[in-house]
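What follows is a single structure, written as C-alpha cells, with notes after it.
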Number of protein chains: 2
Amino acid sequence: MIIDCHGHYTTAPAALDAWRKQQIAGLTDPGRAPRASDLRISDDELRASISGNQLKQMLERGIDLTIFSPRASFMAHHIGDLETSRTWAAICNELCCRVAELFPEHFIGAAMLPQSLGADPKTCVPELERCVNEYGFVAVNLNPDPSGGHWKSPPLSDRHWYPLYEKMVEYDIPAMVHVSTSCNACFHTTGAHYLNADTTAFMQCLTSDLFRDFPTLRFVIPHGGGAVPYHWGRFRGLAQALDRPPLETHLLKNVFFDTCVYHQAGVDLLTKVIPVDNILFASEMIGAVRGIDPQTGFHFDDTRRYIDAAASLKKEDRQKIYETNARRVYPRLDAALRARTEILA
Amino acid sequence: MIIDCHGHYTTAPAALDAWRKQQIAGLTDPGRAPRASDLRISDDELRASISGNQLKQMLERGIDLTIFSPRASFMAHHIGDLETSRTWAAICNELCCRVAELFPEHFIGAAMLPQSLGADPKTCVPELERCVNEYGFVAVNLNPDPSGGHWKSPPLSDRHWYPLYEKMVEYDIPAMVHVSTSCNACFHTTGAHYLNADTTAFMQCLTSDLFRDFPTLRFVIPHGGGAVPYHWGRFRGLAQALDRPPLETHLLKNVFFDTCVYHQAGVDLLTKVIPVDNILFASEMIGAVRGIDPQTGFHFDDTRRYIDAAASLKKEDRQKIYETNARRVYPRLDAALRARTEILA
C-alpha cells in the first residue's frame, strides 16, 4: 500500500473559516466571540469537501491512505492566547477525526496542538491525549515557532519542550515539525517560512543532545527536509566541525524526511543522499503548490511520479518509502492497519 | 581563468578581533572605546594571514582570483548603532583593500556595508562610494537582516532599500545577499540562518516587481541559493500560483546562484536545474565548513572538484561558471581584468 504521511485538511467547508474569523473578531470585541457549538458542518458537507478533492486525487494517483491533520497555515498559533488556540485546535482536530471516521480506509488523523506563544508546551498535553485516546490519531504536528515568523520560542532542543516529548514518547507517536502562517513580512509562508523552519529544526537537533535524552523521540521534517538534503555535505561538515557524531548515528535514528519536493531532480537528490530508511512518502496535497507543471503536464505535487521515476531506487526501496518506513515511524498507524486486517480476516 | 566570487577575510590577524571586542566594550563603557587608529596591522601580518591560508588553497585548487570581502559573520550589524557599524565597516573594508593591493593578481574587493538596524540604507552609500572609487571594489555584500536573526527590516523588495539599489545601478555593481551572525537562539548562524536568508531573499524577489523597477540590478544568492534549486519545482509552481511570470523571465536576468554547496550530489542538482548562465563559481573558503570530507578525502569546500565532476556540464558550461558569468555579473571586475591585460600587453 501507499501511505502519504503529510496531508492537511485544506479544503474544509467555508463555515470553518467563517467561524475562525468570528473567533478572531471576538478577541477585540468579545460580543462577537462565537461558541464552539455555533459551528455546524454536516457529514455530507465533510464528505463533499474530501471526495472531490483529496480523495479524488489519491485514487487517481494510487495513494491508499493519508495521515491527515488540520490545515497548517490556519493553525496560526500567534493569534490570541492559549484559550483561543485550545478552542481552535479542538474544533480542527474534531473535523479531521470525523473525516477519518467517514473514510476510514483512506484517512487517519494527526493532531494540531493548541500551542500559543509563551504558553508552556505541557498545556498541549490534554488535547494530545484526547486526540490519541479518543480519536485514534497517530501523530502530532509540532510548531517550532508559535510566534509565526518571529522565532521567539526556545529551540526544539530546549527543556521548554520536554513535557510534550515525554508524552510523545509515552504514546510512541512522532511529530511532524511544521510551522504555520508567517506574520513576518520578510517570510513568505510557503515559499520561505516552511522551508526555513525545516532547515532550522534539523540544525537545532544537530547542535543538541536531544535524542540522547529521548532515544525514541521521532521528528518528521517535512518539505523534503527544507534545505538539508541539498546541503548534506555542509551538514556533515558542520557536525564534524562541531564535534558531533556522524549524522547517521547522531540524528538518523530519530529524524526522517518526507518527499514533498515538487520536481524530479529534487526527489532524485533526496533519494540519493538520504538513507532510504529515513524517507517517508508524502505529497502535501492539496497544499501550497496546486498547479500543473507545464514541463510535465502533471501536478507539481504528484510526488509519486518522482519516486517511481527515481533511478537510484530499487523496488524494495520504494516499498520502504511508500509503506514500511511509515509503519515503523508511526507505530499506532501500523497497529491500526493490523487491527483492520484482523477484522477483515 | 577561475574566479571565486565568494571569499571572506576569515583569517584576519587577531588584532582585528581584539579591536572589535574593545569597540563592543566601549558601547557600555565609553572609556574603553578604541580609536580606529589604535588598530595597527602590518603588511607582513596581512601577507602571512593570506599566503598560508586562502592563497595557499587557491593555488592548490587552481583558483586564480577571489572576490574578497570582510568576514560575513563578523559584520554583526545588530551591534551598536550606525556609528559603530560605520567605523567597523571602514576598518574591515580597508583591510580587504590592502589584501587586494598586496596580492593584486589573486584578490579583488567587495564591500561590507555599514548597515545598522533601523538606519536608512542610504547611510551606506558613502562607504560604498569610497570602496568603489578609492579601493576599486567590484561588489557589495547586502545583509537583508541587520537585526541578526530577528528579521526586523522590510523585505528586499521594499522601497526602504531603493537608495542603495540606485547607487548599485549607477555603479553597475551586484550585491551578494549575505546575512551575518544570528543572535536568535533558534538559528545556528552557518547551518540555518545563512541558508534561510538565501531562500527568503529569493522569495522576496519572486513575490515582488523589484526588477521591473531596477532592470539592471543584480543579486548573487550565496550558498547555492539556500533551498531554492532543491525546491525549484516548488518555486516554479508558486510563481505560477501567484500569477508571476516564469522564473526565467521574472528573476533570472537579475538573480544568480553561487556554487557553495559542499557535496557532489548538491552541485549536480544545482547545475542540472539552474540555467548555466546563472551559476557563479564560489567556495567560501576558508569558511563555515573547513574540514576534510571522510567520504572523499578532500575538503568539503573544495567546490571545484564538484564542478569538474558534474556530468551535466559541458566544457563551455564550465567556462561560463568559472569565468565568463562572473565577468558579466561583475562588470567592474571585467574592466579591472581587461586593464591588467592591456598593461601586460
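Tabulated data for the structure shown
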| read-out | value |
| --- | --- |
| When residues of region A:304-330 are limited to those that are in a loop (DSSP other than H, G, I, E, B) and open to solvent by 20 Å² or more (accessible area, probe 1.4 Å), the one nearest to B:Ala241 (Cα to Cα) | A:Ala311 |
| So B:Asp209, is it more than 10 Å from chain A (Cβ to nearest Cβ), of a type in the set (D, E, K, R) and in contact with a strand residue (DSSP E or B) (Cβ under 6 Å, 6 or more places away or on another chain) | no |
| Filter pass, A:Leu27 being more than 23 Å from A:Arg332 (Cβ to Cβ), in contact (Cβ under 8 Å) with a residue 24 or more places away in the chain and not in a strand (DSSP E or B) | yes |
| Total residues in region A:43-75, condition under 16 Å from A:Ala288 (Cβ atoms) and open to solvent by 10 Å² or more (accessible area, probe 1.4 Å) | 5 |
| So B:Arg40, is it surrounded by 13 or more Cβ atoms within 10 Å (Cβ to Cβ) and farther than 30 Å from B:Arg304 by Cβ | no |
| Test result for B:Asp17, open to solvent by less than 60 Å² (accessible area, probe 1.4 Å) and among the acidic types (Asp, Glu) | yes |
| Checklist (1) of a type in the set (D, E, K, R); (2) surrounded by fewer than 21 Cβ atoms within 10 Å (Cβ to Cβ); (3) over 24 Å from A:Ser73 (Cα atoms) applied to A:Asp268, failing item | (2) |
| Residue check for A:Tyr194: under 15 Å from the mean Cα position of the chain (by Cα), within 12 Å of chain B (Cβ to nearest Cβ) and at pLDDT 95 or above | yes |
| Selection within region B:293-303 - more than 26 Å from B:Leu333 (Cβ to Cβ), open to solvent by 10 Å² or more (accessible area, probe 1.4 Å) and either hydroxyl-bearing (Ser, Thr, Tyr) or touching a Gly at 6+ places or on another chain (Cβ under 9 Å) (or both) | B:Gln295, B:Thr296 |
| Subset tally (residues that are outside any loop (DSSP other than H, G, I, E, B) and either open to solvent by less than 10 Å² (accessible area, probe 1.4 Å) or more than 11 Å from chain B (Cβ to nearest Cβ) (or both)) for region A:271-280 | 5 |
| One residue from A:Ile108, A:Ile91 being under 16 Å from the mean Cα position of the chain (by Cα) and open to solvent by 10 Å² or more (accessible area, probe 1.4 Å) | A:Ile108 |
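Residue by residue, here is whether (1) closer than 21 Å to B:Phe219 by Cβ; (2) assigned to a helix (DSSP H, G or I) holds:
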residue	(1), (2)
B:Gly80	no, no
B:Ala90	no, yes
B:Asn93	yes, yes
B:Cys97	no, yes
B:Glu105	no, no
B:Glu127	yes, yes
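The values are calculated or read from the model by the stated rules, or taken from the named source; none is laboratory data. Just so you know, these numbers come straight off a predicted model, no measurement behind them. Cβ sites come from the backbone with ideal geometry, for glycine too, and all protein chains shown count toward neighbours. Heavy atoms of the whole protein, side chains included, go into the accessibility calculation; ligands, DNA and RNA do not. Shrake-Rupley method; radii C 1.70, N 1.55, O 1.52, S 1.80 Å.
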